[in-house]
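> Have a look at the structure that comes next, please.
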Amino acid sequence: MPTATDAVMSLLKSHDPAIADLIAKESERQDTTLELIASENHVSPAVMHAMGTCLTNKYAEGYPPNLPWGGRYYGGCVFHDQIETIARERAKQMFACSFANVQPHSGAQANQAVMHALMEPGDTFASLVLKDGGHLSHGMKLNFSGKFFKPVHYPLHYRKDHPEFERIDYDAVKAVCREHKPKLLMCGYSAYPRTIDFKKFREAADECGAILMADVSHIAGLIVGGAHPSPFPHAHVATTTTHKTLRGPRGGLILSNDEELAKKIDKAVFPGSQGGPLMHVIAAKAVAFAECLKPEFKSYAAQVVKNAAALAAELTKLRYRITSGGTDNHLMLVDLRGRSDALTGSDAERWLEHAAMVCNKNGIPEDPRPPKLTSGIRLGTPAITTRGLREPHMATIASWIDRVLSAGLAGEAELAKVSATVRDEIRALCREFPLTH
Ligand code: DSN
């Protein structure tokens, strides 16, 4: 039976064949590759199609009028008010908190709004050393966060003989806070494989009078699914993307438990940093949030973590070093030097993609190589878990990764031969576990 996607594609094909052709090719690429990028996922057809609706036609600047500071700047928003209210209510329910702003267009915009709401230009904030797992909106000098504010950074444990090697050094977090008295303390990362102790962060924030902001973009789905502790009640405010482990449309979300903060944050999103909300995306967020509130999402989150642990263990058996010795969440950083000093993240990313496994090169803590080269790759299991893969498949994937990287080290001819075989094997697995369109 033709699906809704088939109908959309057939319409597009006659209307704009060039774009339809490229979308069809991308769809085929997703169908036939293993998506190991830790920040990506495959949405349900319902989430996908909520985005392709007439809601895109509407301006709805402002907030639903049921909020004390609500009201819209355009007429005709009656259904948009209801959609946004449903999305906000579901977001609050997911995180068991009192306030949610569903309008940020992305995680970076959510972070920007929180910073504008809670700091003045020039104020100091603290975040993790960026190259050890942070995000560009956590203080990179070319980003708004590094241009308008003053970032100071706390480290991981870097001593190899320390039992917490490559994990957050909570004493150092406190020391940095004592020294710099940041207005905002940030936790939450793009490439940190371990559980975050939000309580310890709150203690550090309270000692210096800072606001604790948790950017849970990567782990949000694990939090909602009960596979990672919640930032609440410890964080004053949490931001997240909605498209990673939450498995929703591309977008952002801001959460808090404090009405005064919530009011400032809403104003900082609109009119502070955004204009019209993307109402078609907000509708898709609402659809995804309803999926996250179903009991099966708990099983999904638990399986993501089990798969990551299994993949890390299998790669370790094959002589790859997993930073910090493993993972508690959905991702791992593979230090390729454990396998061969000659292997770079950039080569590994390219070779694996040729063999139908997509991942990203990633610096490892204290990486001597530059970001365009790196000594590591970041692997994640959210998308392959959505596809239905389980622990036994992780051994197969680890062996595919090793076969391709070993072949790459052996030379171009060997790489071409092995990647062709692996690609065929992966295509067969993808046919067995198809994506739902
Ligand atoms: N680009 C995202 C990631 O891959 O982690 C962060 O926004």
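The values are calculated or read from the model by the stated rules, or taken from the named source; none is laboratory data. Remember, it's a predicted structure, so these values are computed and weren't measured experimentally. Positions of Cβ are generated from backbone atoms using ideal geometry, with glycine treated the same way; all protein chains shown enter the neighbour counts.
> Which number in (1) in contact with an Asp or Glu (Cβ under 8 Å, 6 or more places away or on another chain); (2) surrounded by 14 or more Cβ atoms within 10 Å (Cβ to Cβ); (3) not hydrophobic (A, V, I, L, M, F, W, C) marks the one condition that Arg369 misses?
Failed condition: (1).
> Within the range 108-134, can you find the residues that are of a type outside the set (A, V, I, L, M, F, W, C) and touching a helix residue (DSSP H, G or I) at 6+ places or on another chain (Cβ under 7 Å)? Let's see the steps before the verdict.
Here is the first cut: in the range 108-134, the ones of a type outside the set (A, V, I, L, M, F, W, C) are 109, 111-112, 116, 120-124, 127, 131-134.
Residues satisfying the conditions are Gln109, Asn111, Gln112, His116, Thr124, Ser127.
> Scan the range 274-293 and give yes if some residue there is charged (D, E, K, R) and surrounded by 23 or more Cβ atoms within 10 Å (Cβ to Cβ), otherwise no. Please lay out each step first, then the result.
Of the residues in the range 274-293, the ones charged (D, E, K, R) are 285, 291.
Retained after the next criterion (residues that are surrounded by 23 or more Cβ atoms within 10 Å (Cβ to Cβ)): 285.
Within the range 274-293 (the criterion being charged (D, E, K, R) and surrounded by 23 or more Cβ atoms within 10 Å (Cβ to Cβ)), the answer is yes, since at least one residue qualifies.
> When you go through Glu349, Glu291 one by one, which is the residue that is within 16 Å of the ligand (Cβ to nearest atom), of a type in the set (Asp, Glu) and at negative phi? It would help to see each step written out before you state the result.
Working: Glu291 fails: within 16 Å of the ligand (Cβ to nearest atom).
Just one listed residue meets the conditions, Glu349.
> Okay, moving on. Return the residue satisfying two criteria in turn: it lies in the range 189-217 and is among the polar types (S, T, N, Q) and within 16 Å of the ligand (Cβ to nearest atom), and of such residues it is surrounded by the most Cβ atoms within 10 Å (Cβ to Cβ). Spell out the reasoning first.
Residues of the range 189-217 among the polar types (S, T, N, Q): 190, 195, 217.
From the residues that got through so far, the ones that are within 16 Å of the ligand (Cβ to nearest atom) too are 190, 217.
Values: Ser190: 22, Ser217: 28.
Once the filter is applied, the top-ranked residue is Ser217.
> Evaluate the range 12-20: report whether one residue or more is farther than 18 Å from Gln274 by Cβ and touching a residue at least 12 places away in the same chain (Cβ under 8 Å). Steps first, answer last, please.
If we filter the range 12-20 for residues that are farther than 18 Å from Gln274 by Cβ, which is where we start, we get 12-20.
With the extra rule that they be touching a residue at least 12 places away in the same chain (Cβ under 8 Å), the set shrinks to none.
No.
> I'd like the full set of residues that are at positive phi and not small (Gly, Ala, Ser), limited to the range 360-404.
Glu366, Thr374
> Please verify whether Ile265 is crowded, with 24+ Cβ neighbours inside 10 Å and away from the ligand (no atom under 16 Å from the Cβ), treating the condition exactly as stated.
Values: crowded, with 24+ Cβ neighbours inside 10 Å: yes; away from the ligand (no atom under 16 Å from the Cβ): yes.
Criteria met by Ile265.
> Here's a follow-up. From the list Lys200, Lys181, which one is charged (D, E, K, R), touching a helix residue (DSSP H, G or I) at 6+ places or on another chain (Cβ under 7 Å), within 28 Å of Gly326 (Cα to Cα) and modelled with pLDDT of 95 or more? Show your work before the answer.
Working: Lys181 fails: within 28 Å of Gly326 (Cα to Cα).
None of the other options fit; the residue is Lys200.
> Checking the structure you have, find out if any residue of the range 28-43 is assigned to a strand (DSSP E or B), within 18 Å of the chain's Cα centre (by Cα), away from the ligand (no atom under 16 Å from the Cβ) and at pLDDT 95 or above.
Step one: of the range 28-43, the residues assigned to a strand (DSSP E or B) are 34-35.
Filter once more, so that each one left must be within 18 Å of the chain's Cα centre (by Cα): 34-35.
Narrowing further to those that are away from the ligand (no atom under 16 Å from the Cβ): 34.
Then drop every residue that is not at pLDDT 95 or above, which leaves 34.
Yes, the range 28-43 contains at least one residue that is assigned to a strand (DSSP E or B), within 18 Å of the chain's Cα centre (by Cα), away from the ligand (no atom under 16 Å from the Cβ) and at pLDDT 95 or above.
Each row is one residue, and each column tells you yes or no for (1) closer than 13 Å to Ala100 by Cβ; (2) part of a helix (DSSP H, G or I); (3) modelled with pLDDT of 95 or more; (4) hydroxyl-bearing (Ser, Thr, Tyr).
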{"position": "Arg250", "(1), (2), (3), (4)": "no, no, yes, no"}
{"position": "Leu261", "(1), (2), (3), (4)": "yes, yes, yes, no"}
{"position": "Lys264", "(1), (2), (3), (4)": "no, yes, yes, no"}
{"position": "Gly272", "(1), (2), (3), (4)": "no, yes, yes, no"}
{"position": "His280", "(1), (2), (3), (4)": "no, yes, yes, no"}
{"position": "Lys285", "(1), (2), (3), (4)": "yes, yes, yes, no"}
{"position": "Glu296", "(1), (2), (3), (4)": "no, yes, yes, no"}
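> May I pose another question? Filter the range 221-241 down to residues that are within 12 Å of the ligand (Cβ to nearest atom) and either small (Gly, Ala, Ser) or closer than 20 Å to Met48 by Cα (or both), then give me how many there are. If you could, list the steps in order and put the result at the bottom.
Start the filter on the range 221-241 by keeping residues that are within 12 Å of the ligand (Cβ to nearest atom), which leaves 239-241.
With either small (Gly, Ala, Ser) or closer than 20 Å to Met48 by Cα (or both) added as a condition, the list becomes 240-241.
The total comes to 2.
> Tell me, which strands (runs of 3 or more DSSP E) lie completely within the range 44-157 with 2 or more residues that are within 30 Å of Gly363 (Cβ to Cβ) and either modelled with pLDDT under 95 or more than 16 Å from the ligand (Cβ to nearest atom) (or both)?
Qualifying strands (runs of 3 or more DSSP E): 124-128, 150-154.
> I'd like the residue in the range 391-437 that is among the acidic types (Asp, Glu) and over 30 Å from Met1 (Cα atoms) and, out of all such residues, is surrounded by the fewest Cβ atoms within 10 Å (Cβ to Cβ).
Residues of the range 391-437 that are among the acidic types (Asp, Glu), as a first pass: 391, 402, 412, 414, 424-425, 432.
Now narrow it down to the ones that are over 30 Å from Met1 (Cα atoms): 391, 402, 412, 414.
Values: Glu391: 14, Asp402: 17, Glu412: 9, Glu414: 14.
Among residues in the range 391-437 that are among the acidic types (Asp, Glu) and over 30 Å from Met1 (Cα atoms), the one surrounded by the fewest Cβ atoms within 10 Å (Cβ to Cβ) is Glu412.
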